[in-house]
Amino acid sequence: MTVPQPMDGAPQVITDVDEATDATPEVDEATDATPEVDEATDGSPEGDSGLLNAELLETSFALVAPMADALVERFYFRLFRAAPEVYHMFEPGRFGEQKKKLLAALKLTVNSARKPESLVPVLRDLGAKHVQYGVRAQHYPIVGSILLATLAEFAGDAWTEEVRSAWVQAYTVVSDVMLEGARA
Ligand code: HEM
């Protein structure tokens with residue numbers, strides 16, 4: 001299913017999350033990203049649950065979790081460099097809060113692999129809440145690519161093609177459900 005690629009830590013951008021708008025996802029030079037269409041996930045979390053590799057997500061998350069402070073800092077640094085227009089959406093000077101929120105987002109993504117059906121209502125609500133923050137569909141692939149790039153950086157050699165693919169699929173499913181909630 002996946003073609004092994006040499007791993008150089010360079011992330012791939014997630015481009016198929018953005019069905020709600022005509023916007024072309026921006027490819028940030030900082031992420032060195034190659035657009036990739038992930039056909040395995042078509043927005044139906046129930047049908048896709050078998051494809052999500054919970055174990056790979058959990059072990060890779062456990063690997064980077066002890067470096068949470070540095071990871072969160074790096075994530076926001078990369079995000080605001082790639083997409084300065086989202087900076088104002090975040091509460092300034094609340095690093096502790098941002099850290100909790102990013103970790104919550106990562107945990108939600110990981111958990112989506114174990115119990116996608118039960119998370120659907122939660123994710124739909126979260127998607128609607130993100131509309132209030134000012135988040136639009138075109139921001140999801142940008143955040144996805146930055147998230148993967150940051151995880152890749154911290155996971156080092158453990159960031160294999162399989163791990164990357166598990167994260168792409170999980171993020172795509174979670175985003176699709178959040179975007180359903182955003183449109184409702
Ligand atoms: C799979 C995608 C995403 C997940 C799972 C996710 C998850 C979360 C969670 C759990 C929170 C905390 C919610 C709360 O406080 O009740 C949050 C807050 C937030 N998210 Fe996301 N998010 C995602 C995508 C995005 C995207 C694409 C953006 C666009 C920039 C974004 C911007 C924000 C902002 C601005 C906040 C509020 C931060 C604050 O209060 O300072 N998120 N997100």
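A short reminder: the numbers here are calculations on the coordinates, not readings from a lab. Every value quoted in this text rests on a predicted model; they were computed, and no experiment measured them. Ideal geometry is used to build each Cβ from the backbone, glycine not excepted, and the neighbour counts take in all protein chains shown.
Note down the nm distance, to one decimal, between modelled labels 7 Å out along Cα→Cβ at residue 88 and at residue 68.
The answer from the label model is 3.1 nm.
Which residue, 130, 110, 98, has the largest displacement toward the positive end of the dipole of the stretch 97-137 when charges sit on each Cβ (Lys, Arg +1; Asp, Glu -1)?
98
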